[in-house]
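K.L.:
Before I ask anything, here is the structure I am working with.
The values are calculated or read from the model by the stated rules, or taken from the named source; none is laboratory data. Only a predicted model underlies this, so the values are computations on that prediction, with no experimental measurement involved. Using ideal geometry, Cβ is built from the backbone for each residue, glycine included, and neighbour counts are taken over all protein chains shown.
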Amino acid sequence: MALAAVNAAHFEMEREQYALAARRLDELLRSPHHHGLKIGDPQVGPALEQPFHINYVKSAASALIAGEDFGEDHPRITGQLERSAEALTALREGRATFVSAHLHLDVLDALAAYAEYRRDWAGERECSDERVRAAQQGGLIAAAGRARLDRGLLCARLADWPQAILDATQAAQQLGEVGQEVRAVAAAQLLADALAQLGRYQEAFAAQRELTRRAAEMYRAYFQQSAQLRQIELQAQEAERRAATFAAAALRDPLTGMPNRAAAMKELDELHRRAHQGQRASVAMLDLDRFKSVNDRYGHAAGDVVLQRTAQVIRETLGDTQRLARLGGEEFLLLFPGAATREAQTVCERVVTRLGGLEWPEIAPDLRVTASIGVAQIRAGNNPSDTLREADRAMYAAKRGGREAVVAARI
């Protein structure tokens, strides 16, 4: 939790939400998780205490500079700001050891913000100078560019325009080299303003024109990227739509449009779960009688027509809450949520009667299609396989009894 809070505060600081970051870190200090700041972890690295102090000083000082009023929390937050700043000063002066060398520049950045909060311009300039030197000596182009930009802005506040021009010029170049165009444009704007302050208007105009060009390129790239992102978003939406379509198709029988065996088993599992909670339900297994002879005599196209119309008749006969699925071949499964065996058997008898009365002029005038159905109650002690086995046995009992009948399973 401590790591998550410190990282979240850093993210908020990157977005210049300094007050939010300071409050988050203040809450961490007052939570039971603050002990995590002093504990190292092989998985995430050394203790978080030093990154915490860096983020606290930077966020709290920046928020206070911007005029943030922490209300009744103000004394506590400013008190911790002083303590965290002292911890960072000890690191800077060598009275404490860095847990990681890369924190050096962050410490100087935070202490510069603290000095600005205290209106200690000399102290802020010292931290800024040291930060620029450290970044340059480390060969860190991006860090050096940011350090020069920050020092240039400080020099502008102090009206040290010659130094502001030098820093802005080098910052724009270094930040441009590493692709940090937003900061590079900010440096170019600082350069134009500083030149104008010294009355070097022709140079300021040239710098402003270059700034306009870079800004135009940046916005053009932004809109191109936005268009690409929009295209990616549309592709993702299309992929999601197709995935949903394929997922739905995977649960549908392509011939009849009814749910298939996979969908039926999912619903059957749910009915068994409800049965364990005391809700009753029944199932029925339907098999068309002598269906193989239809395919053999009239062809598979005729057999497909029979299956499609059979599914339609069953669906029209069932109630709104009752379900139908094709298990495969000429077998169908009927689900009756909330129904006892007798109620399900009555509906199935209507299905058998309607199927037996259908005429098939498009196939053969003398064709008659019938079905045998076995009905079983879903019981709390059974699993789906048990229930299907009982319905299947009842269905074969109907066939042995002469077909075109409905038989309920014996419990």
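K.L.:
Going through segment 366-396 one residue at a time, which ones are over 51 Å from the mean Cα position of the chain (by Cα) and farther than 14 Å from Leu288 by Cα?
P.N.:
Initially, segment 366-396 is screened for residues over 51 Å from the mean Cα position of the chain (by Cα), giving 366-370.
Residue satisfying the conditions is Asp366 alone.
K.L.:
In addition: Which fully enclosed helices (runs of 4 or more DSSP H) of segment 70-154 have 1 or more residues being closer than 29 Å to Val185 by Cα? Steps first, please.
P.N.:
Details: elements: 74-92, 103-117, 121-137.
Counting at least 1 such residues, we get 103-117, 121-137.
K.L.:
Would you confirm whether or not segment 143-164 contains a residue that is within 23 Å of Asp106 (Cβ to Cβ), among the acidic types (Asp, Glu) and in contact (Cβ under 8 Å) with a residue 40 or more places away in the chain?
P.N.:
yes
K.L.:
Further, regarding this structure: Starting from residues that are closer than 21 Å to Glu316 by Cα and free of Cβ contacts under 8 Å to residues at least 40 places away in the same chain, keep the ones in segment 249-266 and report whichever is surrounded by the fewest Cβ atoms within 10 Å (Cβ to Cβ).
P.N.:
Pro254
K.L.:
Scanning segment 68-120 for residues that are of a type in the set (Ser, Thr, Tyr) and surrounded by 13 or more Cβ atoms within 10 Å (Cβ to Cβ), which turns out nearest to Ala134 (Cα to Cα)? Step through it out loud before you land on a result.
P.N.:
Within segment 68-120, the first condition is being of a type in the set (Ser, Thr, Tyr), and the residues that meet it are 78, 84, 89, 97, 100, 114, 117.
If we keep only those that are surrounded by 13 or more Cβ atoms within 10 Å (Cβ to Cβ) too, we end up with 78, 84, 89, 114, 117.
Numbers: Thr78: 29, Ser84: 22, Thr89: 16, Tyr114: 19, Tyr117: 23 Å.
Result: Thr89.
K.L.:
So, one more: Specify which of the listed residues (Val182, Val132) is of a type in the set (Val, Ile, Thr), buried (at least 16 other Cβ atoms within 10 Å of the Cβ) and under 28 Å from Arg15 (Cβ atoms).
P.N.:
Working: Val182 fails: buried (at least 16 other Cβ atoms within 10 Å of the Cβ).
Just one listed residue meets the conditions, Val132.
K.L.:
Of the numbered conditions (1) more than 20 Å from Gly257 (Cβ to Cβ); (2) modelled with pLDDT under 95; (3) part of a helix (DSSP H, G or I), Cys348 fails exactly one; give the number of that condition.
P.N.:
(2) is the only condition that Cys348 fails.
K.L.:
Now for a separate question. In segment 155-181, how many residues are assigned to a helix (DSSP H, G or I), among the acidic types (Asp, Glu) and closer than 30 Å to Glu86 by Cα? Even if it seems obvious, please write down each step before you answer.
P.N.:
At the first step, the residues of segment 155-181 found to be assigned to a helix (DSSP H, G or I) are 155-157, 161-177, 181.
Now restrict to residues that are among the acidic types (Asp, Glu): 167, 177, 181.
If we keep only those that are closer than 30 Å to Glu86 by Cα too, we end up with 167.
The qualifying residues number 1.
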